[in-house]
Amino acid sequence: LSRKEKRARIAKAAKLYGIKGEESLALHEAYMALGAGDIRTALQLAHPVTRSHPGNAHGWVILGAAALNQREGRTACAFFGKALESAPKDPAVMGGLAKGHILEAEVEPAVHWAERAIRAGSDDAGLIGLYLQLMSDLGRKLAAAEVVAPVARRLDSAAVSLALGNMLAEAEEPGRAAEFLERAWRLDPLPEPHRIARLTALLYQVRLDECLEMGRGLLDHVGDRDAVAVVMMTALRVQRRLDEVVAFAD
């Protein structure tokens, strides 16, 4: 880079990371290295910044993310805890703390920080999926749905919508489940689980003729034929077509 180009990059990085001088560019390069999976370079670039600017969260975030990559939960929590001191409302920091506690099998702190991260605007689909799974295991499905539903409507993530829809179905909330099951299919209609999700949504919405028509089209083209068959038999039973239910089951 020419001196002019380097100065321009430093000025841009300084606005992003709140540090003047070449250390702001070092942070940017550390984030890039982290994204590329080059953990050693990320650490080499970020560690000096944590010593010269301990009140800046970015260096600690990079160290925390590197610790998560190495499955070092306790270390990750320590680094993200330092980041939290200067960035208490940052969803990435709170999400990092949640993941650190998950690695340490500390469930209650994990769900606490995950919920705070999601409410603060986190769009980390992996974190949201972990939160739903933990809350489901804890028997708190409806509480989790209240937290995740607004985010699921905002994100273009079929995985999040599918996980939320399935969890609501397990919680015997079919009407609410249908919204997210169909959303998963609309976002990505090709995978088999998403097509079965749409079929299930049609049943929950009492669109029974559409459900049966789609089910017939799926039955010989999916691996999980049992799931399709159960939905179709339920639709026939709701329509009181009992003879057809028996014939279909046979």
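The values are calculated or read from the model by the stated rules, or taken from the named source; none is laboratory data. These numbers were taken from a predicted model, which means no experiment stands behind them. So basically every Cβ, Gly included, is an ideal-geometry build from the backbone, and we count neighbours across all protein chains shown. What goes into the accessible areas is simple: the full protein's heavy atoms, side chains included, and nothing from ligands, DNA or RNA. Shrake-Rupley method; radii C 1.70, N 1.55, O 1.52, S 1.80 Å.
What the table shows:
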| read-out | value |
| --- | --- |
| Residue pairs meeting the criteria (Cβ under 8 Å; at least 6 apart or on separate chains; first free of Cβ contacts under 8 Å to residues at least 12 places away in the same chain, in the range 224-250; second hydrophobic (A, V, I, L, M, F, W, C)) | 225/219; 237/245; 242/236; 244/236 |
| Those helices (runs of 4 or more DSSP H) lying entirely in the range 38-131 with at least 1 residues under 27 Å from residue 153 (Cα atoms) and at pLDDT 95 or above | 91-103, 107-119 |
| Candidate set: the range 228-250, residues that are in a loop (DSSP other than H, G, I, E, B) and exposed (fewer than 12 other Cβ atoms within 10 Å of the Cβ); chosen: the one modelled with the lowest pLDDT | 250 |
| Residue pairs meeting the criteria (Cβ under 7 Å; at least 6 apart or on separate chains; first touching a residue at least 24 places away in the same chain (Cβ under 8 Å), in the range 9-37; second among the aromatic types (Phe, Trp, Tyr) and surrounded by 13 or more Cβ atoms within 10 Å (Cβ to Cβ)) | 27/17 |
| Of all residues making up the range 31-54, the number that are of a type in the set (D, E, K, R) and open to solvent by 70 Å² or more (accessible area, probe 1.4 Å) | 2 |
| Filter result for the condition that a residue is surrounded by fewer than 23 Cβ atoms within 10 Å (Cβ to Cβ), closer than 19 Å to residue 140 by Cβ, charged (D, E, K, R) and in contact (Cβ under 8 Å) with a residue 24 or more places away in the chain, over 115, 108 | 115 |
| Residue satisfying all of: in the range 193-227; over 30 Å from the mean Cα position of the chain (by Cα) and assigned to a helix (DSSP H, G or I); surrounded by the most Cβ atoms within 10 Å (Cβ to Cβ) among these | 212 |
| Residue tally, condition open to solvent by 60 Å² or more (accessible area, probe 1.4 Å) and over 25 Å from residue 121 (Cβ atoms), over the range 55-95 | 4 |
| Test set (1) within 18 Å of residue 188 (Cα to Cα); (2) at pLDDT 95 or above; (3) open to solvent by 60 Å² or more (accessible area, probe 1.4 Å) - residue 152 fails condition number | (3) |
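One line per residue, one yes/no per condition, for (1) farther than 30 Å from residue 107 by Cα; (2) touching an Asp or Glu at 6+ places or on another chain (Cβ under 8 Å); (3) small (Gly, Ala, Ser):
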{"position": "139", "(1), (2), (3)": "no, no, yes"}
{"position": "161", "(1), (2), (3)": "no, no, yes"}
{"position": "169", "(1), (2), (3)": "no, no, yes"}
{"position": "175", "(1), (2), (3)": "no, no, yes"}
{"position": "186", "(1), (2), (3)": "yes, no, no"}
{"position": "198", "(1), (2), (3)": "yes, yes, no"}
{"position": "210", "(1), (2), (3)": "yes, no, no"}
{"position": "217", "(1), (2), (3)": "yes, no, yes"}
{"position": "229", "(1), (2), (3)": "yes, no, yes"}
